[in-house]
Amino acid sequence: MPLPPGGYIGRFAPSPTGPLHAGSLVAALASWLDARAHGGQWLVRIEDIDPPRCSPGADLFLLQQLAACGLHPDQPPVWQSQRHALYANALQRLIQAGLAYGCACTRKEIEAALLAQGVQRARHQQAVYPGTCRLGSHGRAVRAWRLEVERIAGATDLHWQDRRLGPQTQNVAAEVGDFVLQRADGLWAYQLAVVVDDAAQGVTDIVRGADLRDNTARQILLQRALGLPTPRYLHTPLVLDARGEKLSKQHGAPAIDTRSAASCLAALRQAAQALGLPEEPGADAGISDQLLRWTTMWRARWG
Ligand code: GLU
């Protein structure tokens, strides 16, 4: 899809792991408002590339919930599960350019190699792949495909600008390492699919939750490796539960109630509040009027 000059294309890209909850509605509303405030298009992409994590019917239910909240995409939604050929093509290009390599290491072998190098790793911290297969898989069968990050400009010192959070920087080589593009079980990594789809759909602006901020440097490196443009980014504040944890399906966040216009409006009001949009005392508007008012406020702040 060609990019309209000076145009704006935004998107909401939910993983259909469950219904919309207060946290995902914030990302949906923010991306919709940003697109409207810029006179742009708003797309919805169902990120169902990890079938074990998806819950059956959640995709259609999410779309219904968005529609009930007055958030209608400007083009028919797309499903990542129908776009494998695009991801395979991108991986081939990276391999041909010498930027991706096959990795034969099991998790145990990676742990053992790190231990042998004396690398201590904090609990829950992702292992930085020690690069064992960079020069070949030593006759072992290839399991996964990895990006050789240090071959890409900016891998050790990547700078980017977040519209809300300001200048950001990450040393992807040291903090993340050669990350996976296609997993040992054949599934595509989120990083590859999201970068390929954002470019294929001509997305100019990514507005999403701050929990995804940490992925951005990796995604920019991949854009560079594939010769794709880098969109603008805005990461929204996260909605936390009473324990201070991010609202998520894993933590049992309840679905927003979209059974009536009043309950949709209540959920939208809560999302708008999380986005710092001022409350209008006594405002008694319908969903579309309210969305219009928030669009004006959003334009004044982020336009
Ligand atoms: N599918 C991802 C999620 O639901 C979001 C991807 C993105 O916005 O970049 O967490």
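FYI, it's all coordinate maths here, none of it is from the lab. Because the structure is predicted, anything quoted here is derived from the model rather than measured. As a convention, Cβ positions derive from the backbone with ideal geometry for all residues, glycine included, and neighbour counts pool all protein chains shown.
Summary of values
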quantity	calculated
Of every Cα-Cα pair in the range 36-113, the percent that sits beyond 16 Å	69 percent
Cα gyration tensor shape for the chain, rounded if a/c is under 1.5, else prolate or oblate	prolate
Beta bridge orientation in the chain: antiparallel %, DSSP, nearest 5	50 percent
Environment charge of residue 79, counting only residues whose C-beta is closer than 13 Å and scoring Lys/Arg +1, Asp/Glu -1	-3
Environment charge of residue 150, counting only residues whose C-beta is closer than 11 Å and scoring Lys/Arg +1, Asp/Glu -1	0
Debye intensity ratio in log₁₀ form over the Cα atoms of the range 102-258, taken at each q of 0.09, 0.17 Å⁻¹	-0.36, -1.16
Normalised alpha carbon radius of gyration of the range 1-136 [divisor 2.2 N^0.38 Å]	1.41
Cα-based shape type of the range 81-178, given that a ≥ b ≥ c are square roots of the gyration tensor eigenvalues and the cut on a/c is 1.5	oblate
Residues whose placed amide H lies under 5 Å from that of residue 11, excluding near-sequence neighbours	43, 207
Amide N proximity, the range 18-61 versus residue 270 label position 7 Å along Cα-to-Cβ, cut-off under 17 Å	18-30
Virtual spin-label span in nm between residue 85 and residue 55, 7 Å along Cα→Cβ	3.3 nm
Theoretical FRET efficiency, 1/(1+(r/R0)^6), r = Cβ-Cβ of residue 162 and residue 115, R0 35 Å, to 0.05	0.45
Label-point gap, in nm, between residue 137 and residue 232 - each point 7 angstrom along Cα→Cβ	4.3 nm
Prolate/oblate/rounded call for the range 191-231, Cα gyration tensor, a/c under 1.5 rounded	oblate
Extension gain, residue 280 back to residue 95 (0.36 nm per residue minus Cα-Cα distance, nm)	61.2 nm
